[in-house]
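This report refers to the structure that appears directly beneath it.
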Amino acid sequence: MFSSTHFLPDMGKCERLHGHNYQVEVELGGIPAKNGAIIDFNDLVPIVTRVVRPLDHYIIIASKDTRLTIIESESEVEIQFKDNRYIFPKNNCVMLPIKQTTVESLSKYLANRIGEVLIKSYPNIHWIDVLVREGQVQSASTKVLLKE
Ligand SMILES: [Zn+2]
């Protein structure tokens, strides 16, 4: 789980700055090792935590959103969108290389990042599916194939 602030341009009330307690669920498939597990949960949890924790209690900004004008100085991030102008302390922000901070984009980002780590050490894992939930009914997942 991670708690973050964001806003979604051109999406009604979500265009205003707000936050979520995001939940992340990781599902994976592959060939079990001799112990019967594809991966030990005690190994998986730290990998997921390492990828997710940098987002926790930060303002998430989609640095590839062309609707935003983003001006970064040494200590601040200024974002202009329509008539709104936000100025945040830079150390409160995480700039993600995505086009919007929807659950669809966040799940894709996290699935790719977690996949990059897993593919190095676990050749027996064939795919992962990362679901990001921002509310009771709002969620999206991305499946990434690690092996053809
Ligand atoms: Zn939201």
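A straight line joining the Cα centroids of region 1-52 and region 73-147 runs 9 Å.
From zero outward in steps of 10 Å, how is the percent of C-alpha pairs of region 38-118 spread across the bins? With 10 Å bins starting at 0, P(r) equals 16, 42, 27, 11, 3, 0. Ranking Ser141, Gln23, Ile98 by Cα position along the charge dipole of the chain, where only Lys, Arg, Asp and Glu carry charges on their C-beta atoms, puts Ser141 farthest toward the positive end.
Provide the packing ranking of 114-123, 81-90, i.e. peptides ordered by the mean count of other C-beta atoms within 10 Å per residue, highest first. Before the final figure, lay out the partial values.
Working: 114-123: 16.0, 81-90: 12.2.
The peptides rank, most packed first, as 114-123, 81-90.
For the chain, find the longest principal axis of its Cα atoms and tell me its angle to the long axis of helix 103-121, 0 to 90°, nearest 10. Its long axis makes an angle of about 40 degrees.
In degrees, nearest 10, range 0 to 90: what is the angle between the Cα axis of helix 41-52 and the longest Cα principal axis of the chain? The angle comes out at about 20 degrees.
Distance between the 7 Å Cα→Cβ label points at Glu104 and Arg50: 3.1 nm. Extension gain, Gln138-Lys82: 0.36 nm per intervening residue step, less the Cα-Cα distance, totals 17.6 nm.
With Cα atoms as the point set, the radius of gyration and Dmax of the chain evaluate to 17.0, 59 Å. Dipole of the chain computed with +1 at Lys/Arg Cβ and -1 at Asp/Glu Cβ about the Cα centre; of Ile60, Val117, Phe81, farthest Cα towards the positive end is Val117.
Using DSSP, restrict attention to beta bridges with both residues in the chain and report what percent are antiparallel, rounded to the nearest 5.
On the way: 30 of 36 bridges.
Around 85 percent of the beta bridges assigned by DSSP in the chain are antiparallel ones.
How high is the FRET efficiency from Ile71 to Glu15, r the C-beta distance, R0 22 Å, rounded to 0.05?
Working: r = 20 Å, r/R0 = 0.89.
Plugging the Cβ-Cβ distance into 1/(1 + (r/R0)^6) gives 0.65.
Report the net charge of residues surrounding Arg85, where surrounding means a beta-carbon distance below 13 angstrom and charges are Lys +1, Arg +1, Asp -1, Glu -1.
Numbers: positive: Lys82; negative: Glu76, Glu78, Asp83.
Net of charged neighbours comes to -2.
Spread over its residues, the convex hull of the C-alpha atoms of region 1-86 is 141 Å³ per residue. Each DSSP beta bridge with both residues in region 60-120 is either parallel or antiparallel, and the antiparallel ones are about 75%.
Dipole magnitude for region 103-147: about 160 debye, using +1 per Lys or Arg Cβ and -1 per Asp or Glu Cβ, origin at the Cα centre.
All of the numbers you see were taken from the coordinates with simple rules; none came from a lab. Predicted model only: the values in this text are computed from it and were never measured. Here the Cβ is made from the backbone with ideal geometry for all residues, glycine too, and neighbour counts use every protein chain on show.
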